1. Starting from region 123-152, keep only residues that are within 21 Å of GLY102 (Cβ to Cβ), then list their pairs with residues that are part of a loop (DSSP other than H, G, I, E, B) and hydroxyl-bearing (Ser, Thr, Tyr) whose Cβ atoms are within a distance under 7 Å, requiring at least 6 positions of separation or different chains.
2. Can you say whether LEU161 is assigned to a helix (DSSP H, G or I), under 43 Å from the mean Cα position of the chain (by Cα) and aliphatic (A, V, I, L, M), as far as the supplied structure shows?
3. Cβ-Cβ below 6 Å, separation at least six or inter-chain, first residue in region 85-99 and within 16 Å of TYR114 (Cβ to Cβ), second basic (Lys, Arg) and not in a loop (DSSP other than H, G, I, E, B): which pairs?
4. Quick check on this structure: which one of THR73, THR5 is surrounded by 10 or more Cβ atoms within 10 Å (Cβ to Cβ), of a type outside the set (Gly, Ala, Ser) and at pLDDT below 85?
5. Can you find a residue in region 165-177 that is touching a strand residue (DSSP E or B) at 6+ places or on another chain (Cβ under 6 Å) and either modelled with pLDDT of 90 or more or in a helix (DSSP H, G or I) (or both)?
6. Quick check: anything in region 142-152 over 33 Å from the mean Cα position of the chain (by Cα), in a strand (DSSP E or B), within 30 Å of PHE188 (Cβ to Cβ) and not acidic (Asp, Glu)?
7. Quick check on region 144-160. Is at least one of its residues out of contact with any Lys or Arg (no Cβ under 8 Å at 6 or more places or on another chain), at pLDDT below 85 and either over 30 Å from PRO87 (Cβ atoms) or not aliphatic (A, V, I, L, M) (or both)?
8. In region 119-137, is there at least one residue being in the same structural domain as MET177 (by TED's automatic domain parsing), within 19 Å of PRO92 (Cα to Cα), of a type outside the set (Lys, Arg) and part of a helix (DSSP H, G or I)?
Amino acid sequence: MKKKTINYSEAELVFIKSNCTLSRKSLTGLFNEFFDRSLSVDNIKSLCTRKGWKTGRTGRFEIGNIPHPNAGTKGPNKTSFKKGNRPHNWKPVGSERVNVDGYIEIKTAEPKTYELKHRVIWQEHHGVIDEKVVIRFIDNDPLNCVIENLEALTNAEHLFLNKNEYAKLPRELKPTMKLVAKLETKRFELRA
């Protein structure tokens, strides 16, 4: 279906152009009343768009305009939070969670300090963990954080075991593979 073309006289175009800063609804009402026509807001809006006659509004506050109350506040201020209130997701020290890698983390300090639970347990029993040491799960279950299931290996031994797929070995071969890892890493150290 073909749209009906609307023709405007020269006087109508001059009227619309001279009043284009009005809102389109107000302009349409004035136009229809003045020229005894019955055009819709969309008709006037389309004409103004085609001709490039803008309303003059930029969407910004001009210099001298006063914004509404509370405008200009940036983020939380002194009245945003009441003393003693805590966010809904706050957890006390000692809370546990499982991270994306499947390891248990325990909250050790405020506000959001979490450490791996198996490392915390190891430190309670054996003291500070050296940088060159990895705490490994004997049964390869990261949720089993009892001290009997933890062992300390050097980074090199840990790498050797992972490279040789230690986790997939049968239970009876695992002690032998650990000894081989110790021998191989020691041999590598002596060669270097």
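1. Between residues of region 123-152 that are within 21 Å of GLY102 (Cβ to Cβ) and residues that are part of a loop (DSSP other than H, G, I, E, B) and hydroxyl-bearing (Ser, Thr, Tyr), the close pairs are PRO142/TYR103.
2. Values: assigned to a helix (DSSP H, G or I): yes; under 43 Å from the mean Cα position of the chain (by Cα): yes; aliphatic (A, V, I, L, M): yes.
Taking the combined requirement at face value, the residue satisfies it.
3. Matching pairs, first to second residue: LYS91/LYS107; VAL93/LYS107; SER95/LYS107.
4. Working: THR5 fails: surrounded by 10 or more Cβ atoms within 10 Å (Cβ to Cβ).
None of the other options fit; the residue is THR73.
5. Looking only at region 165-177, we keep the residues that are touching a strand residue (DSSP E or B) at 6+ places or on another chain (Cβ under 6 Å), and these are none.
Scanning region 165-177 turns up no residue that is touching a strand residue (DSSP E or B) at 6+ places or on another chain (Cβ under 6 Å) and either modelled with pLDDT of 90 or more or in a helix (DSSP H, G or I) (or both).
6. Keep residues of region 142-152 that are over 33 Å from the mean Cα position of the chain (by Cα), which gives 146-152.
Narrowing the set further to residues that are in a strand (DSSP E or B) leaves 150-152.
Adding the requirement that they be within 30 Å of PHE188 (Cβ to Cβ) leaves 150-152.
Checking which are not acidic (Asp, Glu) leaves us with 150, 152.
Checked region 142-152: at least one residue is over 33 Å from the mean Cα position of the chain (by Cα), in a strand (DSSP E or B), within 30 Å of PHE188 (Cβ to Cβ) and not acidic (Asp, Glu).
7. Step one: of region 144-160, the residues out of contact with any Lys or Arg (no Cβ under 8 Å at 6 or more places or on another chain) are 144, 146-149, 156, 159-160.
With the extra rule that they be at pLDDT below 85, the set shrinks to none.
Looking for residues that are out of contact with any Lys or Arg (no Cβ under 8 Å at 6 or more places or on another chain), at pLDDT below 85 and either over 30 Å from PRO87 (Cβ atoms) or not aliphatic (A, V, I, L, M) (or both), one finds none in region 144-160, hence no.
8. Within region 119-137, one or more residues are in the same structural domain as MET177 (by TED's automatic domain parsing), within 19 Å of PRO92 (Cα to Cα), of a type outside the set (Lys, Arg) and part of a helix (DSSP H, G or I).
The values are calculated or read from the model by the stated rules, or taken from the named source; none is laboratory data. The structure displayed is predicted, hence computed values, not measured ones. Reconstructed Cβ throughout: ideal geometry from the backbone, glycine too, with neighbour counts over all protein chains shown.
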